[in-house]
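For reference, the structure is listed below as structure tokens.
The values are calculated or read from the model by the stated rules, or taken from the named source; none is laboratory data. Small disclaimer: the values here were computed from a predicted structure and weren't measured. FYI the Cβ positions are ideal-geometry reconstructions off the backbone, even for glycines, and counts take in every protein chain you see.
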Amino acid sequence: MHELHLMAQVVKAVETKLGETVDGKLSAVRLKVSALSHLLAHDQSALQTAFMLAAGGTKAEGATLELISVPSDAWCPQCRRDISVTQSEEACSVCGGPFVVGSIEPEVVIHELVVNR
Ligand SMILES: [Zn+2]
Ligand SMILES: [Zn+2]
């Protein structure tokens with residue numbers, strides 16, 4: 001049950017991004033989530049509930065959470081090429097061998113904040 005901890009970090013990032021100057025109501029938070037991210041293994045409705053709890057009393061209160069899965073970069077040592085992993089695959093789609101996750105980019109990036117003014 002660490003969803004709440006994860007979502008608390010998201011809410012913090014959202015508040016930072018919104019800054020002090022925004023008025024209007026935040027209606028949606030869109031997150032880009034790496035296809036290999038552990039976050040996608042979670043139940044979406046559990047994440048939404050955790051987000052609502054974490055957002056209570058903050059600028060993100062009442063906003064809905066949307067997760068957008070984006071491909072991850074990986075490297076297949078058998079094929080000797082870069083591959084793009086779109087789901088939680090555990091093997092290279094060409095040779096079926098294990099791949100190496102190459103990038104160290106953050107798993108979750110705030111893609112868009114939708115504000116109703
Ligand atoms: Zn987890
Ligand atoms: Zn391969």
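With respect to the conditions (1) in contact (Cβ under 8 Å) with a residue 60 or more places away in the chain; (2) away from ligand 1 (no atom under 16 Å from the Cβ); (3) in a strand (DSSP E or B), Asp23 falls short on a single one, namely (3).
Please go through segment 43-57 and pick out each residue that is touching a residue at least 24 places away in the same chain (Cβ under 8 Å) and crowded, with 16+ Cβ neighbours inside 10 Å. Passing the criteria: Leu47, Ala50, Phe51, Ala54, Ala55.
Taking Ser84 as the residue in question, decide whether it is surrounded by 14 or more Cβ atoms within 10 Å (Cβ to Cβ) and on the phi < 0 side of the Ramachandran plot. No. Would a scan of segment 20-27 turn up a residue that is among the hydroxyl-bearing types (Ser, Thr, Tyr), over 20 Å from the mean Cα position of the chain (by Cα) and more than 16 Å from ligand 2 (Cβ to nearest atom)? Within segment 20-27, one or more residues are among the hydroxyl-bearing types (Ser, Thr, Tyr), over 20 Å from the mean Cα position of the chain (by Cα) and more than 16 Å from ligand 2 (Cβ to nearest atom). Considering each of Ser103, Ser27, Ser69, Ser84 in turn, give the residue that is under 24 Å from Leu4 (Cβ atoms) and at pLDDT below 90. From the options Ser103, Ser27, Ser69, Ser84, the qualifying one is Ser69.
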